[in-house]
């Protein structure tokens, strides 16, 4: 795969990594990254829905930023891994 370089020395690949870090690198999304990592470790596909039983307001907001839509109401928070995959 060709990697596009920019005059400032950055690459398209590094830009994608930086974006990924901004969206999934914080404390509020750590649960989502952990769930995805566990699925991979168990040999399961990154499809379906993961749910956090008691989401904080920060975790809800992080999901809204990631998905580009309101996370819904209630104490639990569900995120479709298929939807996250479509974003990338």
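Only the coordinates and a few stated rules stand behind these numbers; no lab work does. This structure is a prediction, so every number in the text was calculated from the model and none was measured. In this analysis, Cβ positions are derived from the backbone assuming ideal geometry, glycine residues included, and neighbour counts consider all displayed protein chains.
Structural remarks
- Cβ pairs under 9 Å, 6+ apart, first in the stretch 43-70 and in contact (Cβ under 8 Å) with a residue 12 or more places away in the chain and at positive phi, second part of a helix (DSSP H, G or I) and surrounded by 14 or more Cβ atoms within 10 Å (Cβ to Cβ): 48/39; 48/81
- If you go through the stretch 40-68 and keep only what is farther than 14 Å from residue 87 by Cβ and touching a strand residue (DSSP E or B) at 6+ places or on another chain (Cβ under 8 Å), you end up with 48, 49, 50, 51, 52, 55, 59, 60.
The rows are residues; the columns are (1) surrounded by 14 or more Cβ atoms within 10 Å (Cβ to Cβ); (2) farther than 15 Å from residue 27 by Cα; (3) within 12 Å of the chain's Cα centre (by Cα).
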| site | (1), (2), (3) |
| --- | --- |
| 44 | no, yes, no |
| 50 | yes, yes, yes |
| 55 | yes, no, no |
| 70 | no, yes, no |
| 82 | no, yes, yes |
